[in-house]
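I have placed the structure first, in the form of structure tokens, so that the comments after it can refer back to it.
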Amino acid sequence: MTATTTNPVISVNGATKSFGAVRALAGVDFTVHPGECVGLVGHNGAGKSTLVSILNGGLTPDEGTIALNGQPAVRYSIAQARATGLRCVFQELSLCPNLTVTENTRVAHRGLRGFGWRRRARALIRNKLDDIFPGHGIDVNQAIASFTIAERQMVEIATAFTDAGTGLSLVILDEPTSSLDAGLASQLLAYIGRFTAAGGAIVLISHILGEILSASTRIVVMKDGKVVADRPATGFTIDSLVGAMGSVVRTREGRGAASAATGTPVLSRPARGQAGRAFRVFPGELVGLAGLGGHGQTDMLVDLYMGETNAWLPRRAAAVAFVAGDRAEDGNFPLWSILRNMTLTLLPQLTRLGLVDGTRESQIATDWRQRIEVRTKDMSNPILSLSGGNQQKVLFARALASNAAVVLMDDPMRGVDIGTKQEVYAMLRAEAQKGRTFVWYSTEMDEVCQCDRVYVFREGAIVAELAGAGITEDSILAASFAEAAA
Amino acid sequence: MTALRFVFAKPWLWSFVAAFGTWLVTILFTGGASTLGLSQAALTFAAFSIIVGLGQMFVVTLGPGNVDLSIPATMTLAGTVALKVMDTQDGAILLGLLVTLGVGIGIGIANYALIKLLRIPPIIATLSSSFIVQSIAIATNRGIRIKPPAVLAEFSIASFLGVPNVAWLALVISVFAWVLLEKGLFGRWVSAIGQNMRAARLAGIPVDGVRFLTYMLCAVLAAIAGFLLSCFSGGAALNMGSEYLLTSIAVVVIGGTAVAGGFANVPGIWGASLFLFLVVSMLNTYGASAGVRMVLTGVIIIAVIIAASRKAVR
């Protein structure tokens, strides 16, 4: 163990932090040595985000000490953290959409000043993108707004790893792969390996446990504001990790034989392009949309939704419902309570003579709050008071509470913890059993594998249709990459 | 303590506090002699601002960039056309009302057609339509002042239980608007669109239909206000709507409606409308010149907005 002989990059001792009555951290010791990749796992609300905020100087712990390179830090701050070479990549992206990649690099690195900063910034970020994501195809002179969410995440990551002369010792990655497809994620994990081999340190937070196990040298498990396990990664398996976090691994229930794709399709789209295939969904099916991120799956879902709904005339019963993956852009109403956010789609069903039946509205909301276990004391709290995973549950309830026969889901599990995911999977299966139809775009392989039928997308067209036992990781990957490999 | 928190949680209360304060100061200056007259005048003139302010409130709540600048022209056109159609005959009042509504509906349709079909930002679309509407108004009566039917003229200046009839009408419209906003599906949809239009569409809201109805509602309310105002002032004038452009926006803002959209408030429109009228009468009572009056009006509005937005800082 060479790591213990050098001074730790940063170490936190006995940190506690409370927000009002909520104890977010209850005495945490956390240390990162050079050359280490520390995997940090835990449920939503386990205290990971609070710990990260303390590490980057954004929050001051109520008790406990922080040491940098073995020296105790006084009045530790964000500026001091950056000066020490600490960087963060957050789950909620922080790029300015109206600026180009180059300009965003300048915003992140104050050192890029004076004459010719643009040229230097361009070279720095382009080289780093090439280094981490070879073949990325990102034009650094384009504004961020024109990029897909996966591309933005790549830029965010590359910006954090760029060194503009201030040194770089530790990068904290909070859910860095949540929008990346398997290919890009493995490029990033490979880069993490190279970075730590060169003496850099990483803190990696991810809900994809396979990533944590393969990329980390050491894994720290948090639960209820405490560290409950801290061992080399080789000492863990997926089962033992999940066990340590406190959730039970439920065995994957197959949906049995794939439902017969017969009868009249509830939704359909003709084939696009030469190699394209037609898209059809039959009642009661759970249809997956797979392929690399940003290859037309979201466009297709939005297109289907717009085609089935009318922007001019209201309908009493919604024919289709949409579950947004990009909560801030497509889902949340930030000024509203949890309750109002939840009931919006089903509201026309509760309306008589133009007036909403408020009593029934709150009854239904209370009912769904129990069914999906939204963790809040009061449904009249603002939607943004909830954690990301719980906000997502509210968006699920919005769609499921309506009487829409078809539910379209746009990669809705981004940044959702594994316990919540299992609950939602069970809910989807139960609803599909009752005859509801789901179209589910997902960037995660085990989610796609739960579907009855899967359409694989490449460059805006459907290139493969898989069903039943034919849905495997290998076959999906093969279809997604076929052309790139040729 | 609880009462204090209540005050801070309701930004619109500030407009009432301000209106009451101004009222009190004015009354005290005149030694109480003007109490009844001032109160009645305030309610009468505020009533017109309230009616147009409610329409503007719904439009502003649709989100950033949504504002109706055609309100003054709509008021003028509705007033001139309705008085011309009624031609001082009491028997033609119903026809006059129908024409008023027709003018409102027509302008609402025209406004949203410009916004949607030509993809013009609402502020430009309603501004340009207001020029056209104003020109039509000029062409319609060529500056000839037609008196309102006697029954209407009398009704519009009379009072019931000591409260001016126009204020009663404004109250009925306000209650209707409050129900629409707080209890109705329509209000919920307007608020959702103002917060996030794309999310609203993806949640199943007929976004275009709702926005269209909102612009139409605003134009209809402006037409009604123009009709009442021309009856009240004994005939339509071509510049009668002009002061209501800024007033309609000011009462929305002072009344606690979110300028960025998504949150509206009906009671605040009342407080703000009364306040705006009372500020001017207070300054008149103190004998301030026109220039001083305008400067002070501006300063006071800024002060009220700052006071009302303090709670956001927390």
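Based on this model, can you work out whether residue B:296 counts as open to solvent by 40 Å² or more (accessible area, probe 1.4 Å) and either of a type outside the set (Asp, Glu) or in a helix (DSSP H, G or I) (or both)? Before the answer, list the steps.
Values: open to solvent by 40 Å² or more (accessible area, probe 1.4 Å): yes; either of a type outside the set (Asp, Glu) or in a helix (DSSP H, G or I) (or both): yes.
Taking the combined requirement at face value, the residue satisfies it.
None of A:259, A:247 is touching an Asp or Glu at 6+ places or on another chain (Cβ under 7 Å) and either at pLDDT 85 or above or away from chain B (no Cβ under 14 Å) (or both) except A:259.
When you scan region A:133-152, do you find a residue that is within 14 Å of residue A:292 (Cβ to Cβ), in contact (Cβ under 8 Å) with a residue 12 or more places away in the chain and among the aromatic types (Phe, Trp, Tyr), even just one? Checked against the condition, which is being within 14 Å of residue A:292 (Cβ to Cβ), in contact (Cβ under 8 Å) with a residue 12 or more places away in the chain and among the aromatic types (Phe, Trp, Tyr), region A:133-152 yields at least one hit. Restricted to region B:155-223, the set of helices (runs of 4 or more DSSP H) holding at least 1 residues that are surrounded by fewer than 22 Cβ atoms within 10 Å (Cβ to Cβ) and facing chain A (nearest Cβ under 8 Å) comprises B:185-195, B:197-202. Filtered by the rule that a residue be among the β-branched types (Val, Ile, Thr) and modelled with pLDDT of 85 or more, region B:281-298 gives B:292, B:295.
What do you reckon, is residue B:66 buried (at least 20 other Cβ atoms within 10 Å of the Cβ), outside any helix (DSSP H, G or I) and of a type in the set (S, T, N, Q)? Taking the combined requirement at face value, the residue satisfies it.
Does residue B:144 fit the bill of being among the aliphatic types (A, V, I, L, M), under 16 Å from residue B:80 (Cα atoms) and away from chain A (no Cβ under 14 Å)? Walk me through how you get there before you give the answer.
Values: among the aliphatic types (A, V, I, L, M): yes; under 16 Å from residue B:80 (Cα atoms): yes; away from chain A (no Cβ under 14 Å): yes.
Yes; evaluated as a whole, the condition is true for this residue.
List the helices (runs of 4 or more DSSP H) that sit entirely inside region A:38-138 and contain at least 3 residues that are touching a helix residue (DSSP H, G or I) at 6+ places or on another chain (Cβ under 8 Å). Before the answer, list the steps.
Details: elements: A:48-55, A:78-83, A:101-108, A:117-132.
Of the helices (runs of 4 or more DSSP H) lying wholly inside region A:38-138, those with at least 3 residues that are touching a helix residue (DSSP H, G or I) at 6+ places or on another chain (Cβ under 8 Å) span A:101-108, A:117-132.
Of the helices (runs of 4 or more DSSP H) lying entirely inside region A:335-437, those containing at least 3 residues that are open to solvent by less than 10 Å² (accessible area, probe 1.4 Å) and within 20 Å of residue B:200 (Cβ to Cβ) span A:338-343, A:388-401. Give the residues of region A:166-190 that are touching a residue at least 60 places away in the same chain (Cβ under 8 Å) and within 21 Å of residue A:445 (Cβ to Cβ), sorted by residue number. Correct list: A:173, A:175, A:176, A:178, A:179, A:180, A:181, A:182, A:183, A:184.
Would you pick out the residues in region A:450-470 that are closer than 23 Å to residue A:425 by Cα, open to solvent by 30 Å² or more (accessible area, probe 1.4 Å) and not in a strand (DSSP E or B)?
Filtering region A:450-470 for residues closer than 23 Å to residue A:425 by Cα gives A:450-457, A:465-470.
Retained after the next criterion (residues that are open to solvent by 30 Å² or more (accessible area, probe 1.4 Å)): A:465, A:467-470.
Answer for region A:450-470, where residues must be closer than 23 Å to residue A:425 by Cα, open to solvent by 30 Å² or more (accessible area, probe 1.4 Å) and not in a strand (DSSP E or B): A:468, A:469, A:470.
The residue pairs whose first member lies in region B:1-25 and is more than 23 Å from residue B:278 (Cα to Cα), whose second member is modelled with pLDDT of 75 or more and among the small types (Gly, Ala, Ser), and whose beta carbons are closer than 6 Å, counting only pairs six or more residues apart or on different chains, do not exist in this structure. Scanning region A:154-174 for residues that are outside any helix (DSSP H, G or I), open to solvent by less than 10 Å² (accessible area, probe 1.4 Å) and not hydroxyl-bearing (Ser, Thr, Tyr) turns up A:170, A:171, A:172, A:173.
The test for being out of contact with any helix residue (DSSP H, G or I) (no Cβ under 8 Å at 6 or more places or on another chain) and either surrounded by 24 or more Cβ atoms within 10 Å (Cβ to Cβ) or assigned to a helix (DSSP H, G or I) (or both) does not hold for residue B:241.
Please work out if residue A:379 is in contact (Cβ under 8 Å) with a residue 24 or more places away in the chain and over 26 Å from residue A:432 (Cβ atoms). Break it down stepwise before answering.
Working: in contact (Cβ under 8 Å) with a residue 24 or more places away in the chain: yes; over 26 Å from residue A:432 (Cβ atoms): yes.
Here the answer is yes, as residue A:379 does meet what is asked.
When A:41, A:22 are checked against the criterion of being more than 30 Å from residue A:145 (Cβ to Cβ), surrounded by 22 or more Cβ atoms within 10 Å (Cβ to Cβ) and modelled with pLDDT under 90, a single residue qualifies: A:41.
Of all residues in region A:292-337, those being more than 10 Å from chain B (Cβ to nearest Cβ), touching an Asp or Glu at 6+ places or on another chain (Cβ under 9 Å) and among the charged types (D, E, K, R) number 0.
Among the candidates B:261, B:271, single out the residue that is closer than 25 Å to residue B:12 by Cα, in contact with a Gly (Cβ under 7 Å, 6 or more places away or on another chain) and within 14 Å of chain A (Cβ to nearest Cβ). So that I can check it myself, show each step before the final result.
Details: B:271 fails: within 14 Å of chain A (Cβ to nearest Cβ).
Residue meeting the stated conditions: B:261.
Being over 19 Å from residue A:420 (Cβ atoms) and within 14 Å of chain B (Cβ to nearest Cβ) is a property that residue A:378 lacks.
The condition (being over 20 Å from residue A:152 (Cα atoms), assigned to a helix (DSSP H, G or I) and open to solvent by less than 10 Å² (accessible area, probe 1.4 Å)) is satisfied by just one residue among A:202, A:212, A:219, A:192: A:212.
The values are calculated or read from the model by the stated rules, or taken from the named source; none is laboratory data. Treat the numbers as computed from the prediction; the structure is a model and nothing was measured. Methodologically, a virtual Cβ is constructed for each residue, glycine included, from the backbone with ideal geometry; neighbour enumeration extends over all protein chains shown. Surface areas here come from the heavy atoms of the whole protein model, side chains and all, with no ligands, DNA or RNA. Shrake-Rupley method; radii C 1.70, N 1.55, O 1.52, S 1.80 Å.
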